[in-house]
1. Going through the range 370-399 one residue at a time, which ones are assigned to a helix (DSSP H, G or I), under 18 Å from G205 (Cα atoms) and in contact (Cβ under 8 Å) with a residue 40 or more places away in the chain?
2. Could you check V382 against (1) farther than 15 Å from E349 by Cα; (2) of a type outside the set (S, T, Y); (3) under 14 Å from the mean Cα position of the chain (by Cα) and say which number it fails?
3. Take the conditions touching a Leu at 6+ places or on another chain (Cβ under 7 Å), of a type in the set (A, V, I, L, M) and either more than 30 Å from A408 (Cβ to Cβ) or buried (at least 16 other Cβ atoms within 10 Å of the Cβ) (or both) and apply them to V227. Does it pass?
4. Count, please, the residues in the range 197-246 that happen to be touching a helix residue (DSSP H, G or I) at 6+ places or on another chain (Cβ under 8 Å), closer than 30 Å to A342 by Cα and either among the β-branched types (V, I, T) or not in a strand (DSSP E or B) (or both).
5. Mind checking which residues of the range 279-299 are under 19 Å from the mean Cα position of the chain (by Cα) and not in a strand (DSSP E or B)?
6. Farther than 13 Å from V141 by Cβ, in contact (Cβ under 8 Å) with a residue 40 or more places away in the chain, in a helix (DSSP H, G or I) and among the β-branched types (V, I, T): is that true of V12 in this structure?
7. Yes or no: the range 60-80 includes at least one residue that is part of a helix (DSSP H, G or I) and surrounded by 17 or more Cβ atoms within 10 Å (Cβ to Cβ).
8. If I ask for residues that are closer than 30 Å to G73 by Cβ, of a type in the set (G, A, S), at pLDDT 95 or above and assigned to a loop (DSSP other than H, G, I, E, B), which ones from the range 303-333 would you list?
Amino acid sequence: MKNLTPAELAAVAAVDRDRIGDDLAALVRIPSVTGEEGAVQTEAALRMAHAGLEVTRVDADPSQLAGDPDFPGMEAPRTTLPVVAGAIGLAGAPRRVIIAGHIDTVSPGQREDWSTDPFGAELRDGRLYGRGSLDMKGGVVAGLAALRALVDTETELQGEAVLVTVPSEEDGGAGMLAAIRAGYVAEMAVITEPTRLEVVTAQAGAITFLLTVSGRSAHAAYRLKGVSAIEKLRVIHDGLLADERERNETEQNPAMRELGLPYPTNLGRISGGDWSSTVPDRVTVEGRYGVRVGETPEQAEQALRDAVAAACAGDEWLRDHPASVEITGGRFASAVVPHTHALPWGLGEAARDVLGKLPAFVGVPYGADMRLLINEGATPTVLYGPGDPFLAHAPDEHVELEDVARCARVLAVWVMRALAAQG
């Protein structure tokens, strides 16, 4: 470890991997599938209090939040949006940094696909298994361990550091919006999503859509008398693939270009036809359309509609019977923090000094709460957390405890430097 002050070295040494394992196991053992986060938030609040943080809980009313012009949508039924915050340092100070994470998870899926109990928090070879261990209770615990280390070493901060845990990320981000409306904004923020300890400076967004394609029914024995909606869907699909290719090939942000396909268009569910011997006269398709960095969801919607309209205009049948497009579900905006901003560089330098290597600055093709803190909270935000995101939402989800500890050590140093006395 190079370039660390004695105080920083003490904070790094104070990160306790055994306590990390205890904290993470306790959170994983409490199921918190989206919509059912109350119990785990109670446990998170207790763990924060035991670590010496000043804890606040806000139970926001989702029905009131739904009237907010920036409401991102919500799929799971719920009566409350519990937000928990644990703070250290100078309460109410004008300088504040946030470490944030979502506490909800997706469903564990089929139990037989797991080699262990999805909520058993089994530890094997230094890896803790269970739904949410990686996505993203491991990151939450990294933030908790970082602030606990600063408390234990009696580190003086010239500002306030807050760990914020939110619900409802998996179904749109209403929990983060509730936190923002409760006042949890800052000079800078780090969301500890699993990123392999790379610094995510740009994230794509997405909108979901329902496409309806019409044809003309006929007896299958006289197929040419009808117009198959399935065959006409192929025309539109070809047009969407051409649009996808153009949108990705013209991307200018280096972090997003490196992904190869940062803005995929996906047809995820198709239904149509009502009989094997009838030419299908209607097909519906549920799909996902990427939102480019610098593009609003509304602009992405218009681009989608234009691509469908162009495909229809080139087909004799579809010119007179154009497909319809309806936007459904949540709207995930894109977001970006410039590579030159103090946040990614400050975090990257802390990682270099603690771990011995400057992390890569990367982009991701999925939506996250990052876009809400940036766009609605006016808080520059990056993603940086332990674990491999490819393991998220999968059977046998797991995270290495040492990776969580590495993240915690970096976060502790980053907070110290971000809230150091200004010359």
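The values are calculated or read from the model by the stated rules, or taken from the named source; none is laboratory data. Note that the structure is a prediction, hence the values are computed from the model and not measured. Every residue, glycine as well, gets a Cβ built from its backbone with ideal geometry; the counts of neighbours run over all protein chains shown.
1. Selection gives M370, R371, L372, L373, N375, P389.
2. Of everything listed in (1) farther than 15 Å from E349 by Cα; (2) of a type outside the set (S, T, Y); (3) under 14 Å from the mean Cα position of the chain (by Cα), V382 misses just condition (1).
3. Here the answer is no, as V227 does not meet what is asked.
4. Total meeting the criteria: 5.
5. Across the range 279-299, the qualifying residues are R292, V293, G294, E295, T296, P297.
6. The answer is yes for V12.
7. Yes, the conditions are met somewhere in the range 60-80.
8. Once the filter is applied, which keeps residues that are closer than 30 Å to G73 by Cβ, of a type in the set (G, A, S), at pLDDT 95 or above and assigned to a loop (DSSP other than H, G, I, E, B), the range 303-333 yields only A323.
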